[in-house]
Amino acid sequence: MTEGHPDKIADQVSDAVLDAVLTQDAMGRVACETLVTTGLVMVAGEITTSAILDYSDIVRGVIRDVGYTRAEYGFDADTCAVISSIKRQSPDIAMGVDTGGAGDQGLMFGYACDETDELMPLPIMLAHKLVRRLSEIRKSGAVDFLRPDGKSQVTVEYVDDQPVRVDCVVISTQHSDSVSNRQLQDVIMKEVIQHVVPPALMDSRTKFHINPTGRFVVGGPMGDAGVTGRKIIVDSYGGYSRHGGGAFSGKDPTKVDRSACYMARYVAKNLVAAGLARRVEVQLAYAIGVAEPVSVMADSFGTGTIPDEQMTDVIRAVFSLTPRSIIEALDLRRPIYRPTAAFGHFGRSEPTFTWERSDKASALRKEAGIGSAAVSVRR
């Protein structure tokens, strides 16, 4: 999804509210939900903080940055209505979190594999890069008929668990009424698809669907309502790995359905970087108010250099997995969250994405009893 998709606008507003709280109050508790629709943004949820916020300014700033700045786009940062309905966090939840316990129960998953330099599945990485490229050429003015809303999908063919070719690329992008479908398709093929997808992965059988309905003028919140947390598969691994069910955006790091998913990705990426598996899924489970996870499990899908049971023991030995330890290890009490709300939470190179580091690989190899000459993986 581009940052102009209605659900992604909602995610960005919720995370912008979180960042605004953390800028003034690092210990603030935030569970912020956003709804966007034609001419209206509504912010709701539970926030306990000493910060003083102007919700209207935060909302309008996000919409302006996304690019909805003209009424002709169907949504405008300066004229849309903004409604806020915020209350304090329930004291019944707070009493468990204040002592260092998890802010909710649930299952969290992290995944990594050696298919790409980012140690992410190839299909979701290509999809993210396609929509990021869409955004780049729109914001730079290189293509003046593009509008903020858009999405992509990539189908990859695998042989023996390895990606060998791109079978299908789907891109839909909002555009001005003046451009023809043929002109748009030509530009998207040249400036986006051929710029992102390696030629070696495309062949004469690769299919391309660019604005397959033939028209996408009405988009953004005018074309569809958007709600926080409705694109959790796009946020994680594109369906390649399981997702625990909890959304990320708008939640402070005491909420383990965000912070523990980040930690599970951190653990999984380091396992692959250490050469302990070619692909691995890490599952964590928590009970509300309880600090230690009630379950830790690793599944290497038969690619591990050590048994999965030993890998789980190695994880517990190297990583502290309480909510407080996760927050400290990944430095999560900072205003770093709005950039996560578009183009994916994983596989990113920005320094604030601390869960993307592979700095525990050596410690994992040592704990597993494996020498420094690890199995070669992409870095």
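The values are calculated or read from the model by the stated rules, or taken from the named source; none is laboratory data. Everything numeric in this text was worked out from a predicted model, so none of it was measured. Here Cβ is always computed from backbone atoms with ideal geometry, including for glycine, and neighbour counts include all displayed protein chains. These accessible areas exclude ligands, DNA and RNA; they are computed on the full protein's heavy atoms, side chains included. Shrake-Rupley method; radii C 1.70, N 1.55, O 1.52, S 1.80 Å.
Three principal axis extents of the chain based on alpha-carbon atoms, in descending order, are 64, 57, 26 Å.
For the range 1-68, the equivalent ellipsoid derived from the alpha-carbon gyration tensor has semi-axes of 21, 11, 11 Å in decreasing order. Binning all Cα-Cα separations of the range 216-350 at 10 Å, short to long from zero, yields these whole-percent fractions: 11, 39, 35, 11, 5, 0. For the range 47-155, taking Cα atoms only, Rg and Dmax work out to 20.2, 53 Å respectively.
Give me the percent of accessible area attributable to carbon and sulfur for the range 217-302, probe 1.4 angstrom. That fraction is 57 percent. Protection proxy ranking for 155-168, 233-246, using the average of other Cβ atoms within 10 Å per residue and placing the highest first: 233-246, 155-168.
The gain in end-to-end length when the ASP57 to SER325 segment is fully stretched comes to 93.1 nm, 0.36 nm per residue minus the alpha carbon separation.
Over the range 37-81, with every protein chain in place, what whole percent of the accessible area is carbon and sulfur at 1.4 Å, could you tell me? Ligands and nucleic acids excluded, carbon and sulfur reach 49 percent. Ignoring ligands, DNA and RNA, what percent of the 1.4 Å accessible area of the range 311-371 is carbon and sulfur? Heavy-atom surface of the range 311-371 belonging to carbon and sulfur, 1.4 Å probe: 47 percent. On the basis of the beta-carbon distance and an R0 of 35 Å, ARG205 and ASP76 show a calculated FRET efficiency of 0.20. Spacing of the modelled spin labels on ILE83 and ASP177, each 7 Å from Cα toward Cβ, amounts to 2.9 nm.
Calculation over all alpha carbon pairs of the range 262-304 in 5 angstrom steps from 0 returns a P(r) of 5, 24, 26, 20, 12, 8, 4, 0 percent.
Going down the list LYS190/LYS255; LYS87/LYS231; LYS139/LYS231, which pairs span over 32 Å between their C-alpha atoms? Distance filter (> 32 Å) returns LYS190/LYS255.
Entry comment: accessible area of the chain is 41 Å² per residue, from protein heavy atoms only and a probe of 1.4 Å. Cα centroids of the range 330-375 and the range 63-90: how far apart, whole angstrom? Result: 33 Å between the Cα centres.
Expressed to the nearest 5 percent, the antiparallel share of DSSP beta bridges inside the chain is 75 percent.
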